Amino acid sequence: MTMALVRAVVLASFSLTGSAAFAAGPLPDAVAAPGESPVLSVHAEGVQVYECKPITDGKLAWSFREPIATLIADGRTVGRHYAGPNWEHVDGSAVTARTAGSAPGTTAADIPWLKLEVIAHRGNGLLSGVATVQRINTSGGELSGACDKPGALKGAAYSADYVFLRRD
């Protein structure tokens with residue numbers, strides 16, 4: 001591929017999505033979304049919140065409770081991500097999704113990459129036609145270590161890129 005063609009593809013992708021969130025290589029099959037096109041790509045900074053709960057053998061362990069993150073595009077806050085899981089854009093549109101596929105993060109400290117199927121829409125705006133959300137390029141967010149007080153909460157800082165896709 002010539003450098004001019006590479007530049008044109010990158011610029012076209014950037015203008016379609018509003019920011020440049022790309023996986024370092026091909027996406028794992030479990031999170032790929034063939035036949036879908038990006039509507040918006042954002043970077044997220046936040047925490048994965050865990051709760052100390054008893055597990056089957058009576059011991060206590062950290063259990064994922066909810067995400068709390070700010071969605072950023074072009075250096076501006078454009079939305080938020082929270083329990084549900086939900087993503088809400090500043091234009092008032094929002095989606096709720098459920099996990100449809102998962103691939104391991106790059107390291108044991110990184111939360112998995114996800115493919116999420118949208119199950120509900122709210123409001124009119126950029127997220128109105130979204131069918132799938134991908135969480136890629138994760139860093140951090142996994143919590144390890146013992147917990148000793150049931151109900152205790154602890155956050156693990158994370159970042160990720162979220163790609164919102166529509167069916168072609």
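The values are calculated or read from the model by the stated rules, or taken from the named source; none is laboratory data. This is a predicted model, so every value here is computed, not measured. Please note: Cβ atoms are built from the backbone with ideal geometry, for glycine as well, and neighbour counts cover all protein chains shown.
A count restricted to the stretch 52-86 and to residues that are buried (at least 16 other Cβ atoms within 10 Å of the Cβ), hydrophobic (A, V, I, L, M, F, W, C) and part of a loop (DSSP other than H, G, I, E, B) stands at 0. Scanning the stretch 32-43 for residues that are more than 14 Å from the chain's Cα centre (by Cα), of a type in the set (Gly, Ala, Ser) and surrounded by fewer than 17 Cβ atoms within 10 Å (Cβ to Cβ) turns up at least one hit.
Within the option set LEU126, LEU116, being in contact with a Pro (Cβ under 8 Å, 6 or more places away or on another chain) and over 29 Å from LYS59 (Cα atoms) holds for one residue only, LEU116. With respect to ALA94, determine if the residue is surrounded by fewer than 18 Cβ atoms within 10 Å (Cβ to Cβ), at pLDDT 95 or above and of a type in the set (A, V, I, L, M, F, W, C). Answer is no for this residue.
Residues of the stretch 124-134 include at least one that is over 13 Å from PRO67 (Cα atoms), touching a Lys or Arg at 6+ places or on another chain (Cβ under 8 Å) and among the small types (Gly, Ala, Ser).
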